[in-house]
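The values are calculated or read from the model by the stated rules, or taken from the named source; none is laboratory data. Everything numeric in this text was worked out from a predicted model, so none of it was measured. All Cβ positions, even for glycine, are placed from backbone atoms using ideal geometry, and neighbour counts span all protein chains on display. SASA here: full protein model, heavy atoms, side chains in, ligands and nucleic acids out. Shrake-Rupley method; radii C 1.70, N 1.55, O 1.52, S 1.80 Å.
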Amino acid sequence: SNIVNITLVLGLTAMFSGGIATDGLHLRRDIYVAGIVSALPILFVLNGVISRVEGALLIGVFTLYIAILIRDHIKTNGLIPKTKHIAWGVVNIVLALLLIAILLFAASKVVSSAVELATLVGIPAVLIGLFLLSAGTSLPELVTSLHSNRVGKSGMSFGNIIGSNVANSALVIGIAAIIPPIATPLHPSLIGTMASVIIATAIMGYFAAT
């Protein structure tokens, strides 16, 4: 999913939107964070399992990153929002929670269908995850990034990719590892994908720096 975000989603957004402006106060730091956090699950899974302790560590890293983002926002914009926007903000929060619930239901159906497909055609589940599920779960990022960039919110467009990758690597894998530990053999495609995550993140950082 992270590879699809960095290559396909970011690439299509830049092509169809005439480029993405990547100037930002904390841009370099956020790219470094995305690279480091993406590498953590790779290191943890080298022994064939991501334990509950490692899952908790990943969640802690994500929580720390969010806390830093909130601190930066408070320093720049202050703590109290404008009064006229509070009511509309509550409506948006409720709507977002409702749509997240729908997304979770849809995700469970996608996973179950993918597992059945893998069993039917005899394809290892890890390959289904690497190709089918990763592309499918990145579609919301593609739509969000395209729309954000087209309306002049390039920071949100690029931040969507970085934030999604951090959430995938830390929060998603962390929670999944706590529920039960993630045990997976080091399939050759998985090893190649691990290297590709690091390489793709490095290339994204280089392009963004220009």
Please give the FRET efficiency for H147 paired with L64, using the beta carbon to beta carbon distance and R0 = 30 Å, rounded to the nearest 0.05. 0.50
Calculate the FRET efficiency for L99 and F16 from the Cβ-Cβ distance with a Förster distance of 30 Å, rounded to the nearest 0.05. 0.80
Which of rounded, prolate, oblate describes region 2-71, given a ≥ b ≥ c as roots of the alpha-carbon gyration tensor eigenvalues and a/c under 1.5 marking rounded, otherwise prolate only if a/b is larger than b/c? oblate
Among S108, S148, S17, what's the order by accessible area (1.4 angstrom probe), most exposed first? S108, S17, S148
Where a ≥ b ≥ c are the square roots of the eigenvalues of the C-alpha gyration tensor, would you call region 88-210 rounded, which needs a/c under 1.5, or, failing that, prolate if a/b is larger than b/c, or oblate? oblate
Taking the chain as a Gaussian network, where each spring joins two C-alpha atoms under 10 Å apart, which residue of I175, I102, I68 fluctuates the most? I102
Can you tell me the accessible area per residue over region 137-210, all protein chains present, probe 1.4 angstrom, in square angstrom? 52
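Any idea what the alpha-carbon Rg over 2.2 N^0.38 Å comes to for region 86-149?
Relative to the rule-of-thumb radius for its length, region 86-149 sits at 1.48.
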Out of these labelled values of volume of the Cα convex hull per residue in Å³, [x] 126; [y] 144; [z] 135, which was calculated from the coordinates shown here? [z]
